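Engineer: Quick one: the structure is below, questions incoming.
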Amino acid sequence: MRIVLVGPPGAGKGTQAARLAERLDAPHISTGDIFRENMKNETELGKEAQRYVDAGDLVPDEVTVKMVKDRLAQPDAAEGFLLDGFPRNTAQAQELETVLSDLGQRLDAVLVFEVEDEELVKRLTARGRSDDTEETIRHRQEVYRSETEPLIAHYSDIAVRVDALGSVEEITDRAMDALADEPDD
């Protein structure tokens, strides 16, 4: 299966991606990992991304898309993947559709992990990281709502909502059940 994971910061996407990747025998592809790998190995794209990072700027979509395309073209992703952290907006979603089309593929599902704002604030402030102040967390929630939530509408035909409250195992089971309930085209 080719799956994109969507959800607000603190919803547990990374944790669930790793667990679901194991259950589905598909690679967990995190854009953060792709960036770090390219920069560490000093690939041309990594060097380009590093210039933006060093300047304190966001890496432009075209660089991110090229990195994702390179990663999705690797043999381990040919039969499926879980994509975490990309796309973050509808423009990136359209780019992803082009990338997948070029590879002769398409997405099967978009898993939307849902958690109430107050629960997310509790989860994130409990981590104790210096950048996890309530003000910063609420700002990230606003950014998510304005930039990422439109993806859910964009992917309405393949979006699968998952209640992300409960134990890690319960959430994984819910996600697997939701994927099993998806009709195949």
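Every read-out reported here was derived from the displayed coordinates using simple, explicitly stated rules and does not represent laboratory data. Just so it is clear, the structure is predicted and the values come from calculations on it, not from any experiment. Please note: Cβ atoms are built from the backbone with ideal geometry, for glycine as well, and neighbour counts cover all protein chains shown.
Engineer: Between GLU149 and ASP33, what's the calculated FRET efficiency when r is the beta-carbon distance and R0 is 25 Å? Round to 0.05. Could the numbers behind the result be given before it?
Structural biologist: Numbers: r = 24 Å, r/R0 = 0.96.
Using R0 = 25 Å, I get an efficiency of 0.55.
Engineer: Can you compute the helix-only [θ] at 222 nm over the chain? Use -39500 (n - 2.57) per DSSP H run of at least 4 residues, normalise by all residues, nearest 500 deg cm²/dmol.
Structural biologist: Taking each H run of at least 4 residues, the total per residue is -16000 deg cm²/dmol.
Engineer: Which order do the peptides 69-81, 9-21 take when ranked by the mean count of other beta-carbon atoms within 10 Å per residue, highest first?
Structural biologist: So the order, starting with the most tightly packed, is 9-21, 69-81.
Engineer: Pop out the Kirkwood hydrodynamic radius of the range 115-185 from its pairwise C-alpha distances, inverse of mean 1/r, in Å to one decimal. Mind showing how you got there, number by number?
Structural biologist: Working: mean 1/r = 0.0706 Å⁻¹.
With all distinct Cα pairs of the range 115-185 included, I get 14.2 Å.
Engineer: Also: State the percent of C-alpha pairs, over all pairs in the range 44-136, separated by a distance greater than 21 angstrom.
Structural biologist: That tail contains 51 percent of the Cα-Cα pairs.
Engineer: Take the Cα coordinates of the chain, assign each an equal point scatterer, and use the Debye formula without solvent to give log10 I(q)/I(0) at q = 0.08, 0.09, 0.20 Å⁻¹.
Structural biologist: -0.26, -0.33, -1.55
Engineer: On a straight-distance basis, which aspartates and glutamates could pair with LYS122 in a cross-link, Cα separation under 18 angstrom, same-chain partners fewer than 8 positions away excluded?
Structural biologist: Leaving aside aspartates and glutamates fewer than 8 places away in the same chain, those within reach of LYS122 are GLU114, ASP131, ASP132, GLU134, GLU135, GLU142, ASP163.
Engineer: Okay, moving on. Please report the orientation-averaged projected area of the range 19-68, defined via the convex hull of its C-alpha atoms, in nm². Mind showing how you got there, number by number?
Structural biologist: Numbers: hull surface 15.8 nm².
That works out to 4.0 nm², a quarter of the Cα hull's surface.
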